[in-house]
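Please treat every number below as a calculation from the coordinates, not as lab data. Only a predicted model underlies this, so the values are computations on that prediction, with no experimental measurement involved. Cβ atoms come from the backbone with ideal geometry, glycine included; neighbour counts cover every protein chain shown.
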Amino acid sequence: MPVRDLLSAASGASSAGPADPYFYDVSLLLNGDGTNGAQNNTFLDSSTNNFTITRNGNTTQGSFSPYGNLWSNYLPGSSYLSAPNNAVFNFSGDYTIEAWVYFNSAITTAQSILSNYTGSAGTASGFDLYPKSVSGTVAFRYFINNGEQIVGSIVPAAGTWYHIAVCRSGSSTKMFVNGVQDGSTYTNSSSFTSTATLKIGSTDGASEYLNGYISNVRIVNGTAVYTSNFTPSTTPLTAITNTSLLTCQSNRFIDNSTNNATVTLSGTPSVQRFSPFNPTAPYSTSVIGGSGYFGASSDYLSMSAQTAFNVSGGNWTIEFWYYRAAAAGTTVILENNSNGLNGYSIQTDTSNNLVLYVNTNIITSSSSMQLNAWNHCATVRNGLTTTMYINGVSVGTSILDVGSSNGGLWIGARSGGSFGVSGFMTDLRIVKGTAVYTTTFTPPTVPLTAITNTSLLENYTNAGIPDLAMQNNLQTVGSAQVSTSVKKYGTGSLYFPTSGTNYLSCQTNPSVPLGSGNFTVEGWFYFTAVGTNNYEMISKETAGAANDGFRVVLNSSQKIVVNMSSNGTAYSLTITGATTISSSTWYHVAVVRNGSTVTCYLNGVSDGSGTFSGSLYETNTFWALATRGGYGTTMQGYIDDFRVTAGLARYTTTFTPPTSALPTY
C-alpha cells in the first residue's frame, strides 16, 4: 500500500461521524437518495419572486461549484502553468519546494513538477524537480547546481497522490516523498539563481510535461520547513512566513502568497476539485452550492418578461460565477432585451473578455477570464457609473445605464439558442436597486443568498441526483430518476424504467482518468429485465460501438461481462462472469484493478479475472450509467451506491460487500 494510503488508513474515521479515509480518491459517488421521481432537469429561482424557469436542450445541474477549499490543477500533457522570473525564486539560504502530485500513467519519460531550469549541460542554472526513468529504474530526482544532485529510490506509481518536498537547511539539502527522506543528502551552501520563468508541469523549452494533477505548490524562500521525516499535512497549505509562491489550491489559477504572482496558462490546464485531502463534511448545498452546465447552443434557460429584470434607471448589480470550458468565439451569458434593442446583454468575445452590450454602448473588460477555471463576474451601476469586475477587481467603467426593456431573460444563450456558452455557471443574481459592490472586493466564498432587492437568484441546487464527490454534474436522460420504492440502502436508488432511452451521463467535466493505476468501480445492481438483450450497466466510452474504453454489461446469457481497451479500436480485455444473474435481486458488482490484474467481484466473490497492462484508453470518454456512451440497450432496473475510486484497489481478495450505505465523505 502506498505511503499516502497508509497515512489515510491511520487517520481513521472522523469523530463527527462515519468517514471514508480514502475519499480523496473518490471521483464519482451517487447514493440515489432523494425525492421520488427527482431528476436534474428542474431549475428554480431562489429569490422571493420564485419565477418559472424553462429548460431548453440538455441543460443540467449538479454539485460542481466554485466553493470549498479542496482543489488541484489538471495538466493533461502539453500543458503547464508559469510565473514570471522573480528574485524570490532564487535561493541563497534555507528554502523549501513542495507540492502534491498525481500521475495518470506509469512514468516512462521525465515529467517536471516544478522548475526554473534554463541552459544546457555544463552551464545550466536553476532547479528542476521531476520523476524520470533511467535504464528502466523510475525515481524522483532533484536537479540543481548543474546536475542531478539527489536521486531517490521510491518508485512513483500511477494513480497515487504523492507529497514531495525539497528542503535546504544550512548546507544540507534533502528530498522527502510522503514525509520520508528519499535519496542522499546533498551538501552545498551556494546561492542559486535563474533568469527563467517558473514553470509548473514543464521545464525549459516547454518540455517534460506532467500528465496528471498537481495541488498545493508552495515555495518558501528563507525557511527549511522540513528537516527530518515528517507527516505531510492533511489539509491545504497556507502562506507561512517567507512563502514566495502558493498556488494550485484555489477555484482559479492564482498565487495565494503575498507576492500575488501572475499565473499564466499554456495549453489546456483546468481547475478540478479532485485533491489529496479528504473533506471534513459531506456535500451540502448550503456550503458548496451547485452549478448549471451548458454544453451546446441548444442548452439554455429562459424566463418570460418580468419588470424585475428591467433594472434601468437606478442602481443595480448583476453577478455570477462562470467556468468557461472552451473558447469558441462570442457567447451570450445573460440577455434581457426587446427584439435585440434596449435591455442588456452580457457576453464573452473571441478573446474571452467579458462584454456588456447596451444598444451601441459597450464595456469590454481590460483583462480576460481564465478558461477552465471559476471566474466571479459582476457588473454594477452605482449612481451614473457602471463598473465591470472580474474576481473582485475593476476591469472597466463607463457612464452608462441599461435601456428599459419588456423582454424576457435568457441564460446561457441568446433567444432561440444562438451564441450558446460551453461550461458551468452558478449564483446568477440580479439585484435591482442596490450597488452591491462599489470598490475592489473579495469574491464570495459561500453560496449567495437573496439579499434585499434581489430580483432573481439562480444557484442550481435543485439536482435530484448530485455527485457527492462534488466533481461532476450529471445529465438525467429520458426518465432516469430517483426511486424511493426499491433501494438497497438509504432512502432511494437510481431508477431506469423499462422502456425508452433512460440513462445518466456526466460528460460535463474531465473525469479523473483510471489510466494505468489501480481502481475500483462498484455499485449495487437490481435488474427488472434479463436475458433478452445485452443490457448496458456502466461505461466510460465515446458514443457509438467504438470498443474504446471501459464497459460493464449484462449479456443475453445473463452473465456480467467486463470490457477494457488500451488502443481505442478493440477491447484488450474481456472478462465473462460465471454466475447467472436473476431479476428482482440485488447484486454487488465491483470491478477492481490491482496492478495488472482486473477482477470482477460479484457479491464479494471473484466472478472472473484477467490481465490488463498499460493505460485504459480514455480520450473524450466519460462515465455513464445504464448506457454505453449513449449507445446500446439501456439497463432496466435500479442502481444504488455507485462509486468510482481512482487509484485504489479497495478489494484484492474475497470480501463482505458493504452492509450499510457508503460513507459520503
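Structural remarks
- By average C-beta atoms within 10 angstrom, highest first, the peptides 546-553, 412-419: 546-553, 412-419
- Computed packing ranks the peptides 643-654, 209-220 as 209-220, 643-654, most packed first, by mean other Cβ atoms within 10 Å.
- Two-site label geometry, Ser266 and Ser298: point separation in nm, points 7 Å out along Cα→Cβ: 4.0
- Shape category assigned to the range 404-473 from the gyration tensor of Cα positions, a/c cut at 1.5: oblate
- Given charges at beta-carbon only (K, R positive; D, E negative), |dipole| of the chain in Debye: 120
- Descending Cα extents along the principal axes, the chain, whole Å: 73, 67, 47
- Sorting the segments 396-403, 492-499 by their residues' average number of neighbouring beta-carbon atoms within 10 angstrom, most packed first, yields 492-499, 396-403.
- Alpha-carbon centroids, the range 140-199 and the range 44-72: separation in whole Å: 44
- Sequence-distant contacts, meaning Cα pairs under 8 Å at least 6 residues apart, place the relative contact order of the chain at 18 percent.
- Of Thr569, Ile346, Val402, farthest towards positive along the dipole that unit charges on Lys, Arg, Asp, Glu beta carbons give the chain: Thr569
- Take the Cα of Ser191, step 7 Å toward its Cβ, do the same at Val134, and the gap between the two points is 3.0 nm.
- 3J(HN,Hα) couplings calculated from phi for the range 455-470 with the Karplus curve 6.51 cos²θ - 1.76 cosθ + 1.60 (θ = phi - 60°) are, in sequence order, 8, 8, 9, 10, 10, 6, 10, 9, 5, x, 10, x, 7, 6, 7, 6 Hz; Gly and Pro show x.
- When you restrict to C-alpha pairs under 8 Å that are six or more residues apart and normalise by the size of the range 239-285, the relative contact order lands at 25 percent.
- Prolate/oblate/rounded call for the range 388-511, Cα gyration tensor, a/c under 1.5 rounded: prolate
- Only one residue of Phe441, Gly549, Met175 has its Cα farthest out toward the positive end of the dipole of the chain, where Lys and Arg carry +1 and Asp and Glu -1 on Cβ, and that residue is Gly549.
- Length gained when the stretch Thr241-Asn534 is fully extended (0.36 nm per residue, less Cα-Cα span): 99.4 nm
- Amide H contacts under 5 Å for Gly32: Asp641, restricted to partners 5 or more places along the chain or on a different chain, H placed in the peptide plane at 1.01 Å from N.
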